[in-house]
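Trainee: Below are the structure tokens for one structure; questions will follow.
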Amino acid sequence: MIISKGALNASIIQSKKSPRALSALSSSNYFNLHESHGRQQTRNIVGLVNAIDKRVYRWAKSVMPPISQTEQIALGSGTIGFDRDIFTGSPSLQHLVDTYNPKVSAEEQAFIDHQVDKLCSLLNDHDVSMQRDFTKEAWDYMRDEKFFGMKIPKEWGGLGFSTHAVSQVLAKLATHCFDANATVAVPNSLGPGELLARYGTDDQKEYFLPRLADGTLIPCFGLTGPHSGSDATSLIGSDCVVEEKDGQLGVRATFNKRYITLAPIAGVVGLGLNLSDPDGLLGDKGSAGFTVALLERDHPGLRMGKRHMPLNAAFMNGTVEGEDVWIPMSMILGGQERCGFGWNMFVECLAEGRGVSLPAGSIGAARGVASGVGAYSRVRKQFRVPIAEFGGIQEALASAGSDGLITIAGGDLMNAIVDNHEAPMVISSVMKQNCTERGRRIVEKGMDIAAGSAICRGDNNYLGNAYMSLPIAITVEGANIMTRSFQIIGQGLTRCHPHMLDLIKSLQAPPSEEKQAVEVFVKQFHKIVGHGLMNFGQSVTRGISSTVVTKTRSKNAFRDGDKLVDYHEKQLLRLSANFALTADLCFTLGGALKFEELLMGRLADALGAIYLGYATLHHYQRRRGVDGLEALTEHAMLRLETEAQDALKSASDNFPGPLGPLASTVMKVGCFPLGNLTRPYREPSDNLTKEISKLMTTPSEIRDFFQENVYMTPEDSSSHHQMSDLIRAVPVCVEADQIATTLRREKRQPTTAEAEKIAKADALRDALIQVNVFEHLTTEEGQEGFVRPALEGTEERMVALERKRFDHAA
């Protein structure tokens, strides 16, 4: 408010008549003038702040690379849930227990117990690998019993099984034949069946779904190519253009796909194409971009049938090719309206393919190694002692056992998440990378223990084909090395951080929307800062309290289940706050983060260990009552906590970027406030390792737990099955060893009954340690009169020698 000089004089004259009035006026004018000045200062400050906000916004916009349309679609695809909870720094175990309960119905369990067992009985794993195919009988049985239609709804002739049931089927197949696991997995995850049920046109559903359900048409999904592997959605070399032909709208496509599982025998392929529409023929129905077409095997111009040879695996894998192939719009999955919608479809496939099907193979490997190799180490003797008593064997077995529990627990939780109608991109990536890597380690431990019996192929070898198959799982659906060092954290920070996505969207706004974008940016930036400060405080307080609890914890505290869960949940909360703080510090790198793959790999290790830690506790809460599960869970949790701690420590030591030293210091103070003292986690003790090994090699509820869902032949079966025979030999051998120990202690001869038990165990041991031997390994070797080239050379050289044998006179 501004007062004129004349008005002020008039007021003063008037005030002479009233001193009180003068006093009041003087006070009023003073405060009015002061208020006016304050408002002006506020406007100046607000203007300055707005100017600074705008400059910061523009700077951030300049360093943030533009997000492509495909990336924008990806950011909006899939779902977020528990992965986001971890990024907040305060996830809830109780929420997991209350929300997710993996289970199978009576119908599904009957299928696992009967149809899956029957299929396994039709498959000789060694013969499959040598013949590079299944028998016609096995193919027909898979078709007749709808193994390829487990996820297709019943209304279309499928089985309509839950995700958890499909995972159990795949895991059981993997305990017997990895090629069967891979063959059944594709139609139930990466095949177009579920996508057709959700997005197909009525005509597409009516034609394809019944044929897919009964196996008339075996499906495959063509995505990867020579120049698009782990970045398959780049679709390089798979282009199509919208055209009009004879008055009909369609696309003309050229594509070169490889690594396509089931392509050599598939009747229909879901083909990922990069669609362009230069003439705008689509109009307002559909758009350019990632599009899925459905082509039957005899489609003009489509070439399928050639095979790759993935290591020693026998499952069908090959190429899908075509040049200038005309595809009517009716053969686009979902019709014209779904042009450009392929990313959304792909994400849904990926959640099951990466997060469920591939880990199911590792779950099968875990159960197989724990059951079979655990038994072998009790049956096999060296130096007259079962090798299960050797420390090196115990260390390897315990490691395989706790990795097995982690993999099983992670799979159970992931299955329940998908059955809850979620499609978590980040968790599925964690599951794929982490569980397939653990699966590989489990099988490697098994190979080390089984030694010679594991490297000689034949019917007696139950490990060799799994050992040669796990590297394939490591490679497919995004190579693990890329998934770990790029995808998990790259997707996680943008999709799962509670404030990052809105901030990124504001930075992508056009100039015409800058004012609103700056407001959103500032609001989210303040939230990120607040989020970081909160997690810094929680990291410090939880770190100190966790250290005190860990240092004072009894070595046997885990035997009380409630104390086991309470302790480890608090450690996971501490590690989650550490991880969330580190994720916030990644913003100091700006757009350069995508190039700091060493950092992202370490953070992926931490995130994976934290998620799987919660999954392991979730599993324990559901399976309480299994004798020995506390010890196994303790072993697994100690290893996971150490993994997360070491990954975060390594990240703090090597934090990159111009602000790296500052971020490193903040991270170390927040995560490890008292230095090494607040890094209390260590690998399990030797005593715990020995306990786990004993549980895995003697009759116990832990052995029973691992043997769940392992294929075994009926007890009255006359056919030899190495895994079944090993498992059934364990109690016999353990009892015989106990008798032998008693005899040595009492220094006496065995009774007739005792001698019979020892003899039975010895006979079993002798039979079960044998390896296969063959008269010949090739068809040529088996021909009459065949002489091996090396022996032929020996004979040629001996002819010229006068003395033909050593025992002949010189």
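Trainee: Could you tell me the center-to-center distance, by alpha carbons, between the range 533-585 and the range 237-302 in angstrom?
Mentor: With the range 533-585 and the range 237-302 each reduced to a Cα centre, they are spaced 52 Å.
Trainee: Using a simple spin-label model with points 7 Å from Cα along the Cα→Cβ vector, what separation in nm is obtained for GLU701 and ALA592?
Mentor: Between GLU701 and ALA592, the label points sit 5.5 nm apart.
Trainee: In addition: Determine, at each q value in 0.14, 0.20 (inverse angstroms), the log₁₀ of I(q)/I(0) that the Debye formula gives when each Cα of the range 595-750 is one equal point scatterer.
Mentor: Log10 of I(q)/I(0), two decimals: -0.88, -1.24.
Trainee: Here's another thing I want to ask about it. What FRET efficiency would be calculated for the residue pair ALA755, LYS690, taking the C-beta separation as r and a Förster radius of 35 Å, to the nearest 0.05? Each step should come with its number before you reach the end.
Mentor: On the way: r = 31 Å, r/R0 = 0.88.
The calculated FRET efficiency here is 0.70.
Trainee: Over all pairs of distinct alpha carbons, what does the Kirkwood formula give as the hydrodynamic radius of the chain, in Å?
Mentor: On the way: mean 1/r = 0.0330 Å⁻¹.
Final number for the Kirkwood radius of the chain is 30.3 Å.
Trainee: Using a/c under 1.5 as the rounded threshold, could you call the range 472-541 rounded, prolate or oblate? The axes a ≥ b ≥ c are square roots of the C-alpha gyration tensor eigenvalues, and prolate needs a/b larger than b/c, oblate otherwise. Could the numbers behind the result be given before it?
Mentor: On the way: a/c = 5.24, a/b = 1.43, b/c = 3.67.
It is oblate, given that a/c is not under 1.5 and a/b is not larger than b/c.
Trainee: Further question on the same structure: Step through the residues of the range 374-387 one at a time and calculate ³J(HN,Hα) from phi using the Karplus curve (6.51 cos²θ - 1.76 cosθ + 1.60, θ = phi - 60°), rounding each to whole Hz and writing x for Gly and Pro.
Mentor: x, 5, 4, 5, 8, 6, 6, 10, 9, 6, 6, 10, x, 5
Trainee: Taking the Cα centre as origin and putting +1 on Lys and Arg beta-carbons and -1 on Asp and Glu beta-carbons, what dipole magnitude results for the chain, to the nearest 20 debye?
Mentor: So the dipole magnitude of the chain works out to roughly 4180 debye.
Trainee: Also, quick follow-up: Say a paramagnetic label sat at a point 7 Å from the Cα of LEU311, along Cα to Cβ; which residues of the range 427-456 have their backbone N under 11 Å from it?
Mentor: Answer for this model: 440-441, 443-444.
Trainee: I need the peptides 259-267, 450-458 ranked by packing, meaning the mean over residues of other C-beta atoms within 10 angstrom, with the highest value on top.
Mentor: Sorting 259-267, 450-458 by mean packing, highest first, produces 259-267, 450-458.
Trainee: Ok, one more. Please name which of THR642, GLN131, VAL241 has its Cα lying farthest along the dipole of the chain towards the positive end, using unit charges on Cβ (Lys, Arg +1; Asp, Glu -1) and the Cα centre as origin.
Mentor: THR642
Trainee: With a 1.4 Å probe and every protein chain left in place, work out the accessible area per residue of the chain in Å², rounded to a whole number.
Mentor: 45
Trainee: With a cut-off of at most 13 other beta carbons within 10 Å, and DSSP calling the residue loop, which chymotrypsin sites (Phe, Trp or Tyr not before Pro) in the range 379-479 qualify? Please list them. Please list the in-between numbers first.
Mentor: Values: sites: PHE383, PHE390, TYR462, TYR467; in loops: PHE383, PHE390, TYR462.
Answer by residue number: PHE383.
Trainee: Where Lys and Arg each count +1 and Asp and Glu each count -1, what net charge lies around VAL732 among other residues with Cβ under 12 Å from its Cβ?
Mentor: 0
Trainee: Now a separate question. Report the extension gain between GLU735 and ASP246 in nm, rounded to one decimal, defined as 0.36 nm multiplied by the number of residues separating them, less their alpha carbon distance.
Mentor: 168.0 nm
Trainee: Quick check: from the Cα gyration tensor, does the range 135-177 come out rounded (a/c under 1.5), prolate or oblate?
Mentor: oblate
Trainee: So, one more: Multiply the residue separation of ARG748 and VAL385 by 0.36 nm, subtract the distance between their alpha-carbon atoms, and state the gained length in nm to one decimal.
Mentor: Taking ARG748 through VAL385 to full extension adds about 128.7 nm, to one decimal.
Trainee: Please give the FRET efficiency for ILE265 paired with ASP117, using the beta carbon to beta carbon distance and R0 = 30 Å, rounded to the nearest 0.05.
Mentor: Working: r = 24 Å, r/R0 = 0.81.
Working from the Cβ atoms, E equals 0.80.
Trainee: I need the shape label for the range 206-265. Rule: rounded when a/c is under 1.5, else prolate if a/b > b/c, else oblate, with a, b, c from the alpha carbon gyration tensor. Could you put the intermediate results ahead of the total?
Mentor: On the way: a/c = 2.81, a/b = 1.07, b/c = 2.63.
In terms of gyration-tensor shape, oblate.
Trainee: A follow-up question, please. In nanometres, what is the gap between the two model label sites at ASP653 and ASP140, each 7 Å from Cα along Cα-to-Cβ?
Mentor: For the pair ASP653/ASP140, the computed spacing is 6.2 nm.
Trainee: Could you work out [θ]222 nm for the chain from helices alone, using -39500 (n - 2.57) per DSSP H run of at least four and dividing by all its residues? Round to the nearest 500 deg cm²/dmol.
Mentor: Details: 32 runs with 464 residues, N = 810.
So the helix-based figure for the chain works out to -18500 deg cm²/dmol.
Trainee: Starting from 0.36 nm per residue, how many nanometres of slack lie between ALA767 and ASP298 once their C-alpha separation is accounted for? Don't skip to the answer; put the middle values down first.
Mentor: Details: separation 469, 0.36 × 469 = 168.84 nm, distance 5.13 nm.
This chain segment gains 163.7 nm when fully extended.
Trainee: Right, here's the next one. Would you work out the charge dipole size for the range 741-810 about its Cα centre, treating the Cβ of every Lys and Arg as +1 and the Cβ of every Asp and Glu as -1, and quote it to the nearest 20 debye?
Mentor: That gives the range 741-810 a dipole magnitude of about 820 debye.
The values are calculated or read from the model by the stated rules, or taken from the named source; none is laboratory data. Predicted model, so just to flag it, every value in this text is computed and none were measured. Backbone-built Cβ (ideal geometry, glycine too); neighbour counts: all protein chains shown. When the accessible area is computed, the model is the full protein with side chains, heavy atoms only, and any ligands, DNA or RNA have been set aside. Shrake-Rupley method; radii C 1.70, N 1.55, O 1.52, S 1.80 Å.
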